[in-house]
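The values are calculated or read from the model by the stated rules, or taken from the named source; none is laboratory data. As the structure is a computational prediction, the values presented were derived from the model and not from experiment. Don't worry about glycine lacking a Cβ; one is built from the backbone with ideal geometry, like all the others, and counts go over all protein chains shown. The accessibility values were calculated without ligands, DNA or RNA, using every heavy atom of the protein model including side chains. Shrake-Rupley method; radii C 1.70, N 1.55, O 1.52, S 1.80 Å.
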Amino acid sequence: MFQRNPAPQIEQQSQSKTFECYKKAAEQGRAVAQYNLAICYVNGIGIEKDEKQAVEWYKKAAAQGYAKAQCNLGVCYEKGTGIEKDEKQAFEWYKKAAVQGHATAQCNLGVCYEKGTGNEKDEKQAYEWYEKAAAQGYAVAQCNLGVCYADGIGIEKDEKQVFEWYKKAAAQGYVKAQCNLAVCYADGIGIEKDEKQAFEWYEKAAAKGYAVAQFYIGNCYGKGKGVVKNQEKAYEFFQKAAAQEHQTAKYLMSKEIGYNADSLLEQIAVSKECYVPCQLPDPIDQEGPYCGVVAFVGVVKYAGCLTKPLYATHYEKQAARGNLDDHRNEDDHGDEILYQMQHFPDEQQRSDGPIYSIHYYQKLAGYLADHQFGNPDGKAVLKENYTEEEYTAALIKAFRENKVLVLPGDEENEMPVKGQGQKTHWVFALGYWRDEKDNYYLLVSHHGYYCKWSIHDLYESNKQLPEENPRKKGGHLKEYRYSFYEVRVKNERKMIDKSEPSKKMCL
């Protein structure tokens, strides 16, 4: 929102003299000098930094109508810098500077209107103030105007305008706009798709340390989009983004994810024992609250049990929109499953919240068989008090019997290890391997990624589950502690051990 005025380029030995000159002029009531004196206090030019003193001099200059000081005083009130935070005061000072044509203040005022900061929310006013600032060439406002056209904030959506405004701001080096412009090229928003151009704009923003762009660069390298595929580069950029608290990048790093099937198999094929599918399925899109259904659909799809298409992604989209009854037809099986799940008779397990009972999958399996989707040949394995050895043995036995699994987790207790990783409900597991120290790991799919989960950590996490659903009165979690749902796979799987580390899996 606010870009601090750059400190004057002054030699160290002359800074004190400069400060004294500004101070004398400021004390004589000259607004420009008062503003410059405040900048000296902000940046420690010729004097120790003192935010409270800076505010006092901004106030004096602002009271004389000096727009730059009015804008900066607004920032101080908004952020609570050198003065008690007061969003209403921030709004008022932005407005005083904005009506004088100060571009930064106009943009900041637009943000206040968009978010309802210090004033009632008004998206039309937000758009109009962004437009004024953008017309003056202010890159931040140009980017914000692009967002308005993208999301329909105060104006009708217009993809061509989205592209044009991002392009103007990106040309000025504004990193957020550069990243957004890259997304336009990647997804064909207002312009023809061009993955090479997308990569180049991501690269510009990433070079300036912008975490979102670093994540997308990693994605480009990981999938070979607009650049030659390079897993080491992908990992490098994910690390950079994760170091800046980019949550998806942190999730990838914390779960030790091999970004795609190739790299993960390369990691585990040299392990002491490895029992994984000879071919990994495409990742299932699990963007949405009903991870359990999507995990189950992923399992039966991978297991080769379906005789008709089954679309977990469409299920998720319909669930998010709340269209539970009105969008069902013979070809739209995602909605049909949603309808059935929503209307199962057990009121305690209605899917208007997270799905906590493995009995859902028994019901869903029966529904699939009855409606000629194919017979998943699956069953729920329910046992509350496995020892860790029994639990590990049960999972390994299932894989050796050519099965894949749906495994439960509770969002309130951060799976697979409390305090680490992303919160989740369910995953589906495709295989296991054992390392040199006899630690067992699972290859699981969740949110479209293949992840490495320790069976020990999963076992320990299950013990953390409360007996009652903490988010839904009457929902019992105890019944599925250490439980899973298994589905027999129709195709064969292969065994790899350390004696043949160079043997490649069939992809």
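In the range 231-246, the qualifying residues are those that are within 13 Å of Gly209 (Cβ to Cβ) and modelled with pLDDT under 85, and the one that is least open to solvent (accessible area, probe 1.4 Å) is His246.
Against the list (1) assigned to a helix (DSSP H, G or I); (2) surrounded by fewer than 16 Cβ atoms within 10 Å (Cβ to Cβ), the condition Gln34 fails is (2). Filtering the range 172-190 to residues that are buried (at least 18 other Cβ atoms within 10 Å of the Cβ) and farther than 19 Å from Phe215 by Cβ leaves only Gly190. Here Thr81 meets the list (1) farther than 29 Å from Ala169 by Cβ; (2) part of a loop (DSSP other than H, G, I, E, B) almost entirely, failing just condition (1). If the condition is being modelled with pLDDT of 80 or more, open to solvent by 30 Å² or more (accessible area, probe 1.4 Å) and out of contact with any Ser or Thr (no Cβ under 7 Å at 6 or more places or on another chain), then the range 434-459 contributes Lys437, Asp438, His456, Asp457. Residues that are closer than 20 Å to Gln178 by Cβ and aromatic (Phe, Trp, Tyr) within the range 210-235 comprise Tyr210, Phe215, Tyr216, Tyr221, listed in sequence order.
Here's the yes/no breakdown for (1) surrounded by 18 or more Cβ atoms within 10 Å (Cβ to Cβ); (2) within 27 Å of Gly154 (Cβ to Cβ); (3) in contact with a Lys or Arg (Cβ under 8 Å, 6 or more places away or on another chain):
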| residue | (1), (2), (3) |
| --- | --- |
| Lys52 | no, no, no |
| Lys60 | yes, no, no |
| Cys76 | yes, no, no |
| Lys79 | no, yes, yes |
| Lys88 | no, yes, no |
| Trp93 | yes, yes, no |
| His102 | yes, yes, yes |
| Gly110 | yes, yes, no |
| Thr117 | yes, yes, no |
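Looking across Gly146, Gly173, Gly190, one residue alone is assigned to a helix (DSSP H, G or I), touching a residue at least 12 places away in the same chain (Cβ under 8 Å) and in contact with a Lys or Arg (Cβ under 9 Å, 6 or more places away or on another chain). It is Gly146. Of the residues examined, Tyr130 is one that is within 27 Å of Lys79 (Cα to Cα), over 23 Å from the mean Cα position of the chain (by Cα), buried (at least 19 other Cβ atoms within 10 Å of the Cβ) and among the aromatic types (Phe, Trp, Tyr).
For (1) farther than 17 Å from Leu109 by Cβ; (2) assigned to a loop (DSSP other than H, G, I, E, B); (3) modelled with pLDDT under 95, each residue gets a yes or a no:
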residue: Lys17; (1), (2), (3): yes, no, yes
residue: Ala26; (1), (2), (3): yes, no, no
residue: Ala38; (1), (2), (3): yes, no, no
residue: Trp57; (1), (2), (3): yes, no, no
residue: Ala61; (1), (2), (3): yes, no, no
residue: Ala69; (1), (2), (3): no, no, no
residue: Ala90; (1), (2), (3): no, no, no
